[in-house]
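*Asks:* Just dropping this structure here.
The values are calculated or read from the model by the stated rules, or taken from the named source; none is laboratory data. Here the structure is a predicted model, which is why all the values come from computation and not from measurement. Note that we place each Cβ from the backbone using ideal geometry, even for glycine, and neighbour counts take in every protein chain shown. For the accessible areas, the whole protein counts, side chains as well, though only heavy atoms, and no ligand, DNA or RNA atoms are used. Shrake-Rupley method; radii C 1.70, N 1.55, O 1.52, S 1.80 Å.
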Amino acid sequence: VFIQFNRRKDGSLEPLPAKHVDTGMGLERLVRVIEGKQSNYDTDIFTGTIAATEKITNKKYNFEISGSENPPSGGRGAVAFRVIADHIRAISFTIADGQLPSNTGAGYVIRRILRRAVRYYYSYLDYKQPLLAQLVPVLAKQFSTVFPELQQQVDFVSKVVKEEEEAFLRTLGTGLKKVDEIIVKAGLGKLVI
């Protein structure tokens, strides 16, 4: 896409001071090409977070180039590593930028992204305590030169993320217990997570 005009409310076109081409490639895809990797998640942008997640959870990330998963990660475990690595960036950068998790608007989007990451590590990595908050310092250090705001607020962002994780983990645990009771009462065995 050739970016050269700003369309005004009245429909007229105003020339931009700097014209450019938008390839739609994005940072992750650009880094993938520069580093010659098969996947965005194999680039420097994500490998640090994935390695930290491996260490914390004591699980191994293993994703074949074909896209099929290997059992050592446990079913959807490899996808869980990717979801966590992607979501912690969005959550951390947005909170450092001033948007807190809430029940409305952009805050709700943050909360939903965080909860999705929690569900993935809870279900597929069998990790039942806050994980994302432990990754915030790793991310802050990695991006300290390009997004110093996160490094400057690392304790605050970690605290917000941890509080959200703890609240959702309590809700998740309570909900799964109730579902399990219903399944047992119905004589269908037990819920396996």
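*Asks:* Any chance you could count how many residues in region 15-42 are over 26 Å from residue 83 (Cβ atoms), surrounded by 10 or more Cβ atoms within 10 Å (Cβ to Cβ) and at pLDDT 90 or above?
*Replies:* Result for region 15-42: 1.
*Asks:* Are any of the residues in region 88-100 open to solvent by less than 30 Å² (accessible area, probe 1.4 Å) and more than 28 Å from residue 63 (Cα to Cα)?
*Replies:* Yes, some residue in region 88-100 is open to solvent by less than 30 Å² (accessible area, probe 1.4 Å) and more than 28 Å from residue 63 (Cα to Cα).
*Asks:* Which of (1) under 20 Å from the mean Cα position of the chain (by Cα); (2) part of a strand (DSSP E or B); (3) of a type in the set (A, V, I, L, M, F, W, C) is the odd one out, the single condition residue 31 does not satisfy?
*Replies:* Here residue 31 clears every test but (2).
*Asks:* Now a separate question. If you check every pair at least six apart or on different chains, which have Cβ atoms under 8 Å apart with a residue in region 181-193 that is on the phi > 0 side of the Ramachandran plot first and a residue that is of a type outside the set (Asp, Glu) and modelled with pLDDT of 70 or more second?
*Replies:* 189/183
*Asks:* Also: For the structure I just gave you, tell me whether residue 144 is of a type in the set (S, T, N, Q), free of Cβ contacts under 8 Å to residues at least 60 places away in the same chain and part of a loop (DSSP other than H, G, I, E, B).
*Replies:* yes
Quick grid of which residues meet (1) free of Cβ contacts under 8 Å to residues at least 60 places away in the same chain; (2) surrounded by 15 or more Cβ atoms within 10 Å (Cβ to Cβ); (3) within 26 Å of residue 97 (Cα to Cα); (4) hydroxyl-bearing (Ser, Thr, Tyr):
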| position | (1), (2), (3), (4) |
| --- | --- |
| 139 | no, yes, yes, no |
| 148 | yes, no, yes, no |
| 155 | yes, no, yes, no |
| 159 | yes, no, yes, no |
| 162 | yes, yes, yes, no |
| 170 | yes, no, no, no |
| 174 | yes, no, no, yes |
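*Asks:* Can you name the residue in region 147-193 that is part of a helix (DSSP H, G or I) and aromatic (Phe, Trp, Tyr) and is also farthest from the chain's Cα centre (by Cα) among such residues?
*Replies:* Among them, the one singled out is 156.
*Asks:* Please find, within region 101-120, the residue that is most open to solvent (accessible area, probe 1.4 Å) out of those that are touching a residue at least 24 places away in the same chain (Cβ under 8 Å), over 16 Å from residue 49 (Cβ atoms) and part of a helix (DSSP H, G or I).
*Replies:* 119
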